[in-house]
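Novice: Below is a structure I'd like to ask you about.
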Amino acid sequence: MYASREDIGYDFGDDSKVGSKPIKPNPNIDGGWAWMIVLSSFLVHILIMGSQMALGILNMEWLEEFNQSRGLTAWVSSLSMGITLIVGPFIGLFISMCGCRTTAIIGGILNALGWILSAYASNVHYLFLTFGVTAGIGSGMVYLPAVVMVGQYFQKRRALAQGLSTTGTGFGAFLMTALLKYLCTEFGWRNAMFIQGAISLNLCVCGALMRPLSPKDLREKYVVRSDSEENRPKAQSHSTETIKSNGVLSEEPEKKEEAANEEVLGSVQHIEIGGKSGSGRSMYGLRILKTVSQLTVTVKKGFALWYSSYFGAASLFTNRVFVAFIIWALFAYSSFVIPFIHLPEIVKQYNLTRQDNVFPLTSIIAIVHIFGKVILGIISDLPCISTWNVFLMANFTLVTCILTLPLMQTYVGLAVVCALIGFSSGYFSLMPVVTEDLVGTKHLANAYGIIICANGISALFGPPFAGWIYDITQKYDFSFYIAGLLYMVGIIFLLIQPCIQKKQPREKSTEEAQV
């Protein structure tokens, strides 16, 4: 059973004309340099997401150094993790103007600067600015391009490629935990952060590997997509066009804008040709004027695309399924983060510390999480399987585990539930695929930026909210129950919106028939 285009309820254009052109596929789509993009994204997940999952080591050092409350100190890690995701929509603006490669390189420098400046922190509030904000923004500027580039380079194996690249989070959690623990023991936490800042400069190398596809390559990708959809009906859309408010896609606004941009640059070039007989100083000034004009056009075009995606007539928010996806994201990520934060305390309350020291429950989640991403990606790429259905089934499994976890009071029971949490949370690798299916590759950067922004809000406020519930009830049970129920509300939105979208065109056609 699969979800067709009509099941998702989104209107797609006619690809018959495009698909009929015998264009040779680009070898870099689903192969060639595409695997270098996967490697780059894999390393980004190790250096960014893996480091953030290992911040518990530094958190203990900060508690001992600054003698502040646990709640205040924990906000350093929460800010870094939350801001990395929250800045997604604004990073989409940078990508529209500068491209993924430039954005990622700048982000790598900013992330490294945040780590290095944090080594000189004199108090926790200093860390809020240097590590929470500076390093967090830098991480966001690298993380979003890493996800978007994989989506651009892959068509037939998108889910597998995203799954392989995002397994870097699990590997990074182990590598960075061991590395930070060693560095803090041997050199102290300040020197450890300085060294980690130097290591983070490798993010610039990862950014340099993000070679952009040419417009011709993108067109060839869409030809492959339109041909493959005949044998594999899935919820996919054109990504070479902009979204109208009724869900139909159009390319006319972009053509008009490009014509206006060419007119501006043409006038500058005409002045430059006419002034060749002038002095060298005048020619130098004309070249500067031309460069500034080109930069202005690029910024204007990128901002127009970014603005129209969020607020214009072509707003992404006119896609009701995508809006339901955002609501789901607001509740989903905290259900994954809360166990990482509170499981050690739960283990201590149940007197299971000895067993947990042998094989920590959080390590079980991280290990199985790696396999979950790869396996779910492989399943989603099967011709007869819908990514949308796999995504929903994984969500149902995860929310069931979150609701049943407080009922387990033995190590074996908790280990089984944690293994299921790790495997089902592998759907994170499918999020970019589902997003691209809803809005198209061209709008993937802006759309996925919104999704990870919602995840960031969830990661920022979810764990403190769970701790607040514990302070009131003196139990973690209600924290998991409330998080699970909110998560279920998000899943229900994902279920009902496609049905509404599917029903509306039928009602409209009935009214037209009556007229």
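Novice: Hey, does the stretch 135-156 have a residue that's open to solvent by less than 10 Å² (accessible area, probe 1.4 Å), of a type in the set (Ser, Thr, Tyr) and modelled with pLDDT under 90?
Specialist: The answer is yes, given that some residue of the stretch 135-156 is open to solvent by less than 10 Å² (accessible area, probe 1.4 Å), of a type in the set (Ser, Thr, Tyr) and modelled with pLDDT under 90.
Novice: Ok, one more. Scanning the stretch 47-65 for residues that are of a type outside the set (A, V, I, L, M, F, W, C) and open to solvent by 30 Å² or more (accessible area, probe 1.4 Å), which turns out nearest to THR169 (Cα to Cα)?
Specialist: Step by step, filter the stretch 47-65, then rank; the result is GLY56.
Novice: Suppose we filter ARG211, ARG190 for residues that are in contact with a Phe, Trp or Tyr (Cβ under 8 Å, 6 or more places away or on another chain), touching a residue at least 60 places away in the same chain (Cβ under 8 Å) and assigned to a helix (DSSP H, G or I); which single one remains?
Specialist: When all the criteria are applied, what remains is ARG190.
Novice: Going through the stretch 336-349 one residue at a time, which ones are open to solvent by less than 60 Å² (accessible area, probe 1.4 Å) and at pLDDT 75 or above?
Specialist: ILE346, VAL347
Novice: To continue, here is another question. Out of ALA121, ALA135, which single residue is in a loop (DSSP other than H, G, I, E, B) and more than 15 Å from the chain's Cα centre (by Cα)?
Specialist: On inspection, the qualifying residue turns out to be ALA121.
Novice: Just to check your reading of the model, which residue among SER380, SER308 is modelled with pLDDT under 75 and under 23 Å from the mean Cα position of the chain (by Cα)?
Specialist: Checking each option against the conditions leaves just SER308.
Novice: Additional query: Quick one: what pairs do we get from the stretch 414-442, first residue within 15 Å of MET149 (Cα to Cα), second among the acidic types (Asp, Glu) and open to solvent by 10 Å² or more (accessible area, probe 1.4 Å), C-beta under 8 Å, 6+ apart or different chains?
Specialist: Short answer, once both residue conditions are applied: GLY440/GLU241; LYS442/GLU241.
Novice: In addition: Scan the stretch 391-406 for residues that are among the β-branched types (Val, Ile, Thr) and farther than 13 Å from SER425 by Cβ and report the count.
Specialist: Of the residues in that region, 1 qualify.
Novice: Please state which one of ALA178, ALA104, ALA161, ALA198 is in a helix (DSSP H, G or I), free of Cβ contacts under 8 Å to residues at least 24 places away in the same chain and small (Gly, Ala, Ser).
Specialist: When all the criteria are applied, what remains is ALA178.
Novice: Let me ask something else. Which count do you get for residues in the stretch 1-58 that are of a type in the set (Gly, Ala, Ser), part of a helix (DSSP H, G or I) and either at pLDDT below 80 or out of contact with any Leu (no Cβ under 7 Å at 6 or more places or on another chain) (or both)?
Specialist: The total comes to 6.
Novice: Have a look at LEU160, LEU175, LEU179, LEU127 and point out the one that is surrounded by 21 or more Cβ atoms within 10 Å (Cβ to Cβ) and modelled with pLDDT under 90.
Specialist: Result: LEU160 is the single residue among LEU160, LEU175, LEU179, LEU127 that is surrounded by 21 or more Cβ atoms within 10 Å (Cβ to Cβ) and modelled with pLDDT under 90.
Novice: Is there any pair linking a residue in the stretch 381-408 that is within 18 Å of ALA466 (Cα to Cα) and open to solvent by less than 20 Å² (accessible area, probe 1.4 Å) to one that is part of a loop (DSSP other than H, G, I, E, B) and not charged (D, E, K, R), with Cβ under 8 Å and at least six apart or on different chains, and which?
Specialist: As it stands, the answer is PRO406/TYR476, since those pairs meet every condition given.
The values are calculated or read from the model by the stated rules, or taken from the named source; none is laboratory data. Keep in mind it's a predicted model, so treat the numbers as computed, not measured. Here the Cβ is made from the backbone with ideal geometry for all residues, glycine too, and neighbour counts use every protein chain on show. Keep in mind that these areas ignore ligands, DNA and RNA; they rest on the heavy atoms of the full protein, side chains included. Shrake-Rupley method; radii C 1.70, N 1.55, O 1.52, S 1.80 Å.
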